[in-house]
Structure formats: C-alpha cells, structure tokens
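None of the figures in this text is laboratory data; all of them are computed from the coordinates on show. What you see is a predicted model; the values in this text were computed from it and never measured. In this analysis, Cβ positions are derived from the backbone assuming ideal geometry, glycine residues included, and neighbour counts consider all displayed protein chains.
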Amino acid sequence: MSSKQITPGKSFYLKVRLKIAKGWHINANPASMDFLIPTALSVDSDLPIEMLSVKYPKGKKLRFEFSQMTNAVCHHR
C-alpha cells in the first residue's frame, strides 16, 4: 500500500500478490482466447471505495492440450 493510513477523498495504491500453487495457473488479463475467462480483481467493501484502474501482469505463453495456440497465463513461480 502506498500509505499507512487511508484518507477519505485521497487516492492510494494497493499491490495485490497471489500465491498460485505449483501445477496450477490462472488466465492472464486479457485472456488469449474469447472462450477463456480472464483473471479479474474486484473490491467488495462496505466502505465507499472506487477502483480507478488495475494493471495486470503480462502472462507467460504456454501451450495446453485443448488448443494448438498458446495461452497467456500466470502460474506458480
């Protein structure tokens, strides 16, 4: 977080880091193919928080059995 305290009416930055178990992956955002669901971050809070923008990491292109095309994913590191 960019601040130790959140001040009403002021912007702040928040960095979210996911731990993905070995052998698992999630789709990148945007997803590589129309039928795949991209990973998306949302906020569910009783506080009046507005999410202005999200920057997703670039996925690593891997090939899976269901397609001859590569699919951009985030996976265990």
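Simple point charges give the picture: +1 on the Cβ of Lys and Arg, -1 on the Cβ of Asp and Glu, and for the chain a dipole about the Cα centre of about 600 debye. Calculated from the structure at hand, log10 I(q)/I(0) by the Debye sum over Cα atoms at q = 0.11, 0.15, 0.16, 0.22 Å⁻¹ is found among [x] -0.51, -0.60, -0.63, -0.98; [y] -0.25, -0.46, -0.52, -0.93; [z] -0.40, -0.66, -0.72, -1.05 as [z]. The loop-placed trypsin sites (Lys or Arg not before Pro) in the stretch 24-62, going by DSSP, that have at most 15 neighbouring Cβ atoms within 10 Å of their Cβ come out as Lys55, Lys58.
Using 1/(1 + (r/R0)^6) with R0 = 22 angstrom and r between the beta carbons of Ser53 and Gln5, what's the FRET efficiency to the nearest 0.05? So, using R0 = 22 Å, E works out to roughly 0.50. Note on the chain: GNM, Cα springs under 10 Å; of Pro48, Pro57, Pro30, the largest mean-square fluctuation is that of Pro48.
For His76 and Ala31, compute 0.36 nm times the residue count separating them, minus their Cα-Cα distance, and round to one decimal in nm.
Numbers: separation 45, 0.36 × 45 = 16.20 nm, distance 1.76 nm.
Length difference between fully extended and current span is 14.4 nm.
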